[in-house]
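The values are calculated or read from the model by the stated rules, or taken from the named source; none is laboratory data. None of the values given here were measured: they were computed from a predicted structure. Here the Cβ is made from the backbone with ideal geometry for all residues, glycine too, and neighbour counts use every protein chain on show.
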Amino acid sequence: MTRSILASTAIGSLFLFIQTTWLGNGLFWGVIPDLAFLLILWVSYNNKGLEGIIAAFLSGIVCDLLSSAPLGYTSFLYILPAYAISFVRKIVDMDGLVLPVILGFSSTLLKGIASIMLALVFSGELVESYSFGDLRFWVEAAINGALAAPFFFLFKKLTPILVTRKPSE
Amino acid sequence: MPQKKRGQGFMAAQGIPLLLMVLSIILVSISTKTVQNLPRAVAAGVSGGVQKLFFGVQNFIQRTVFSIRELRLLREEYETLTAKLESFENLERDYVNTLAENERLKEQLSFFESVSSIKAAARIIAKDPGNIYSSCVIDKGSSAGVEADMAVAAFQNGIEGLAGKVLEARLGSSLVLPLYDGRLYVAARLSRTRVEGLVNGQGKPDDPLLMNYVSMLNAQDIQIGDMVVTSGLDSIYPPDIAIGRVKEIRTPKYGSSTLILLEPALDFSKIEYLFVLERNKDPNTTAPEDSLGQKTGTSP
């Protein structure tokens with residue numbers, strides 16, 4: 001379990017560094033894809049235990065350290081979809097294309113809802129949130145959805161280090 | 001029988017003249033001594049023809065071989081020249097890039113030398129990993145004297161513009177909050193009318209900045225295109241650094257203050273270098289000249 005969590009956090013952190021530098025100006029229309037988030041989703045789906053949620057928390061902390069967001073903000077945004085995935089994996093089986101796209105897109109929407117929840121709990125002055133009326137938010141959801149399929153395929157190659165115990169076991 | 005006689009007659013009539021003509025030619029040849037050179041001439045003619053033929057073949061082969069070799073050489077030469085041309089093109093491109101970079105650095109350097117309150121010149125090395133928050137990381141930190149809440153400026157198109165402030169100073173890098181971030185508030189004033197207000201961003205670099213708390217009475221003198229600068233009435237931002245130009249003036253029917261929308265002075269998507277400024281030690285001090293070179297007075 002520890003190996004899976006550490007590996008997920010390390011790879012997630014690597015993705016976050018890529019997001020801040022190489023993808024700093026955005027991939028499309030200035031919008032940065034959330035590769036670390038995609039990793040969290042995959043780890044959450046493919047592990048029976050809490051590896052995904054713990055990795056979501058740790059990666060979120062790393063993201064907050066790199067960002068001007070309050071510490072714990074991104075952790076919350078990552079944990080909520082990671083937790084939701086643990087229910088989804090009992091209902092649907094992962095395929096190569098359709099489910100990753102749906103998961104990437106819908107989980108980004110869930111991330112948006114999580115940010116609005118935080119903005120409601122804290123004041124809007126203290127924490128920023130996604131806006132469903134902002135086209136950039138939908139572009140991010142679309143990019144995350146589109147990139148989910150190829151990245152999930154890549155993550156599958158890292159199964160020995162990212163997965164402790166599959167949900168089917 | 002008479003037919004045979006007629007044929008012999010025809011032969012005699014036609015052959016004899018021909019024979020005679022040949023004979024006469026031979027005689028002429030003998031008399032002119034041409035005949036003794038005839039074999040030589042014939043041999044020379046034949047050999048010359050054969051030689052010509054051989055020469056022609058040789059020449060053809062030579063030319064063909066040579067032209068193949070020449071073609072190969074030409075191709076090699078062409079490839080060498082193409083490579084050279086490419087390297088020259090790259091050199092030219094490098095030269096143009098170096099020239100442009102030189103111009104940019106000169107511009108930054110002239111700004112660096114002209115402003116005495118610069119603490120450190122830094123380069124943007126990273127940006128925020130997500131799409132909600134907007135911040136950037138510069139390559140100078142506390143080791144270079146950078147501290148939290150120091151103002152950050154940039155020099156673009158001849159204008160010294162406010163870029164934001166240092167949110168967090170680390171050892172070798174600092175986190176900078178850009179001017180368009182919704183959490184940043186800057187005490188500002190209009191450069192021409194000296195009317196004061198509070199500027200903050202809307203979170204996106206493309207959206208206009210908002211100048212709040214401008215008295216409706218003072219707003220009447222404000223014109224579209226007026227420059228808004230820092231007022232220096234806080235301990236963070238030095239005075240008279242350009243913030244933006246008035247884009248729109250919104251006057252509510254009921255209320256006491258006017259909302260002014262500003263076009264940022266800097267194009268944030270093009271900023272590469274930032275200058276961390278010294279803290280504004282005396283909040284009431286105003287510089288003799290603003291960033292546009294205009295003489296400005298003290299606050300009213």
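Within region A:150-169, not a single residue is closer than 30 Å to residue B:169 by Cα, part of a helix (DSSP H, G or I) and touching a residue at least 24 places away in the same chain (Cβ under 8 Å). The requirement of being assigned to a loop (DSSP other than H, G, I, E, B) and either more than 21 Å from residue B:134 (Cα to Cα) or of a type outside the set (D, E, K, R) (or both) is fulfilled nowhere in region A:98-114; no residue meets it. Against the conditions (1) modelled with pLDDT of 80 or more; (2) β-branched (Val, Ile, Thr); (3) farther than 30 Å from residue A:130 by Cβ, residue B:285 satisfies every one except (1).
Taking residues in region A:47-72 that are under 22 Å from residue B:179 (Cα atoms), and partners anywhere that are of a type in the set (Asp, Glu), the pairs with Cβ atoms closer than 6 Å and at least 6 places apart or on different chains are A:67/B:128; A:71/A:64.
With the structure loaded, tell me whether residue A:21 is of a type in the set (Val, Ile, Thr), surrounded by 21 or more Cβ atoms within 10 Å (Cβ to Cβ) and closer than 30 Å to residue B:203 by Cβ or whether it fails that test. It is false that residue A:21 is of a type in the set (Val, Ile, Thr), surrounded by 21 or more Cβ atoms within 10 Å (Cβ to Cβ) and closer than 30 Å to residue B:203 by Cβ.
Screening the candidates A:85, A:91, A:79 for the property of being touching a residue at least 40 places away in the same chain (Cβ under 8 Å) and either more than 30 Å from residue B:185 (Cα to Cα) or touching a helix residue (DSSP H, G or I) at 6+ places or on another chain (Cβ under 8 Å) (or both) yields one hit, A:85.
Rundown of residues vs (1) modelled with pLDDT of 90 or more; (2) more than 9 Å from chain B (Cβ to nearest Cβ); (3) in contact with a Lys or Arg (Cβ under 7 Å, 6 or more places away or on another chain), yes/no style:
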{"position": "A:6", "(1), (2), (3)": "yes, yes, no"}
{"position": "A:20", "(1), (2), (3)": "no, no, yes"}
{"position": "A:38", "(1), (2), (3)": "yes, yes, no"}
{"position": "A:52", "(1), (2), (3)": "no, yes, no"}
{"position": "A:74", "(1), (2), (3)": "yes, no, no"}
{"position": "A:77", "(1), (2), (3)": "yes, no, yes"}
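Pick from A:143, A:161: which is of a type in the set (Val, Ile, Thr) and within 13 Å of another protein chain (Cβ to nearest Cβ)? Matching residue, one of A:143, A:161: A:143. When the test is whether a residue is out of contact with any helix residue (DSSP H, G or I) (no Cβ under 9 Å at 6 or more places or on another chain), among the polar types (S, T, N, Q) and either outside any helix (DSSP H, G or I) or surrounded by fewer than 19 Cβ atoms within 10 Å (Cβ to Cβ) (or both), residue A:129 does not pass it.
Once region B:198-211 is narrowed to residues that are more than 10 Å from chain A (Cβ to nearest Cβ) and under 18 Å from residue B:165 (Cβ atoms), the residue that is surrounded by the fewest Cβ atoms within 10 Å (Cβ to Cβ) is B:202. Looking only at residues in region B:222-270 that are in a strand (DSSP E or B) and without any contact (Cβ under 8 Å) to a residue 40 or more places away in the chain, the one that is farthest from the other protein chains (Cβ to nearest Cβ) is B:249. For region A:115-140, the set of residues classified as away from chain B (no Cβ under 11 Å) and either small (Gly, Ala, Ser) or touching a Leu at 6+ places or on another chain (Cβ under 6 Å) (or both) consists of A:123, A:133, listed by residue number. Among all positions in region A:79-97, there is no residue which is closer than 22 Å to residue A:19 by Cα, surrounded by fewer than 22 Cβ atoms within 10 Å (Cβ to Cβ) and within 13 Å of chain B (Cβ to nearest Cβ). Name the residue that is nearest to residue B:241 (Cα to Cα), counting only residues in region B:176-194 that are away from every other protein chain (no Cβ under 14 Å) and assigned to a loop (DSSP other than H, G, I, E, B). Only one residue tops the list, namely B:191. For region B:153-175, how many residues are of a type in the set (A, V, I, L, M), out of contact with any helix residue (DSSP H, G or I) (no Cβ under 9 Å at 6 or more places or on another chain) and within 14 Å of chain A (Cβ to nearest Cβ)? Summing the residues that are of a type in the set (A, V, I, L, M), out of contact with any helix residue (DSSP H, G or I) (no Cβ under 9 Å at 6 or more places or on another chain) and within 14 Å of chain A (Cβ to nearest Cβ) in region B:153-175 gives 2.
Residues satisfying the criterion are absent from region A:117-125 (criterion: outside any helix (DSSP H, G or I), out of contact with any helix residue (DSSP H, G or I) (no Cβ under 7 Å at 6 or more places or on another chain) and among the aliphatic types (A, V, I, L, M)). Residues in region B:118-149 that are in a loop (DSSP other than H, G, I, E, B) and more than 29 Å from the chain's Cα centre (by Cα): B:130, B:131, B:132, B:133, B:141, B:145, B:146, B:147, B:148, B:149.
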